[in-house]
1. Yes or no: LYS166 within 30 Å of ALA217 (Cα to Cα) and either within 16 Å of the chain's Cα centre (by Cα) or among the acidic types (Asp, Glu) (or both)?
2. Given the conditions (1) of a type in the set (Lys, Arg); (2) within 28 Å of PHE191 (Cβ to Cβ); (3) surrounded by fewer than 13 Cβ atoms within 10 Å (Cβ to Cβ), and given that LYS125 satisfies all but one, which numbered condition is not satisfied?
3. In segment 158-176, which residues are surrounded by fewer than 18 Cβ atoms within 10 Å (Cβ to Cβ) and either more than 19 Å from GLU134 (Cα to Cα) or free of Cβ contacts under 8 Å to residues at least 12 places away in the same chain (or both)?
4. Within segment 128-152, take every residue that is hydroxyl-bearing (Ser, Thr, Tyr) and in contact (Cβ under 8 Å) with a residue 40 or more places away in the chain and give me the one that is surrounded by the most Cβ atoms within 10 Å (Cβ to Cβ).
5. Quick test for you: out of LYS166, LYS161, LYS107, pick the one residue that is at negative phi and either assigned by TED's automatic domain parsing to the domain that holds HIS220 or at pLDDT 90 or above (or both).
6. Return the total of residues in segment 198-219 being surrounded by 13 or more Cβ atoms within 10 Å (Cβ to Cβ) and over 26 Å from the mean Cα position of the chain (by Cα).
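The values are calculated or read from the model by the stated rules, or taken from the named source; none is laboratory data. Bear in mind the structure is a predicted one, so any value in this text is a computation, not a measurement. Here the Cβ positions follow ideal geometry from the backbone for every residue, glycine too, while neighbour counts run over all protein chains shown.
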Amino acid sequence: MFSSTPSYIDLDVRTPSSKILGERKSQHLLIDIYDSLCTKQNLNTLLVGSKFGHKEKQKKKLGRPTKLIIEDQILLTLQYLREYRTYYHIGQDWKISESSACRIVLKIENILIQSRKFSLPGKKKLLDTSLNEELILMDVMESPIERPQKYQKSFYSGKQKQHTLKTQVVFGQKTNQIIGLDHSKGKTHDFKLFKNSRTKFHKLLKVIADKGYQGIAKIHNLSETPIKKPRGKKLSKDQKKYNRELNRLRIAVEHVNLNKFDKKLARSSLFQVII
């Protein structure tokens, strides 16, 4: 299956594969991610030498070969993760069936996960004294989803006025990298999501979070959150200045939420590492 695959170095993803993607804004993002991914990780070599490729060669009956080479399969998977469209519409773009698009996405995702080269450091790293971080930023974002058939109330976000999934992002300011992700239903409060995630920090790490984490200082001493305005009163000038200083530090994790996350991406830590 993989024997006739050309080298990623010789592939120009802008022709003809980029024409299939059309003129959507995400096209350029996908091409940039694809180029950086293959350059840094040599992804094609990883796929060819994977357990999946070895098992495919050992099969007596390989079945009908796929119409797409590995490079296009990777691009199709990135397109699915980025745009969160249905397999049917993606299949129409690539001139393949809906079931073929589904199998390709699952195959590529499984190969990358099994390689263990695309994973986040994880929450245990936050307790490691060798962690090259002094300041940890934490925030929760909400990603809209289709209305679920069951347990709709647990997914309904009163703030967003729609059904969502919540994702807690733990971000290192110094390395500018995501350390860990945790997920919950849209109705869950930010602080409850934090407690359910059982995220713990080394005692020397400073943590900055938003107003949704009021009370975190009781769990971790070196924690700061913006001061909430008392009901019927106003914040003093010093309090407003303090909040502005915190927001200047927190803006990095807000940019992560704004630029990198989109719908299914919130649930895909694999795509976050690739980016």
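1. Judged against the criteria, LYS166 is a match.
2. (3)
3. GLY158, LYS159, GLN160, LYS161, GLN162
4. Only one residue tops the list, namely SER143.
5. Numbers: LYS161 fails: at negative phi; LYS107 fails: either assigned by TED's automatic domain parsing to the domain that holds HIS220 or at pLDDT 90 or above (or both).
That would be LYS166, the only listed residue that is at negative phi and either assigned by TED's automatic domain parsing to the domain that holds HIS220 or at pLDDT 90 or above (or both).
6. The number of residues fulfilling the criteria is 2.
Rundown of residues vs (1) of a type outside the set (S, T, N, Q); (2) at pLDDT below 90; (3) assigned to a strand (DSSP E or B), yes/no style:
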position	(1), (2), (3)
VAL170	yes, no, yes
LYS174	yes, yes, no
GLY180	yes, yes, yes
LYS187	yes, no, no
LYS192	yes, no, no
ASN196	no, no, no
PHE201	yes, no, no
LEU204	yes, yes, no
ILE208	yes, no, yes
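Each row is one residue, and each column tells you yes or no for (1) touching a Leu at 6+ places or on another chain (Cβ under 6 Å); (2) part of a helix (DSSP H, G or I).
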site	(1), (2)
GLY63	no, no
LEU75	no, yes
ILE90	no, yes
SER99	no, yes
ARG103	no, yes
PHE118	yes, no
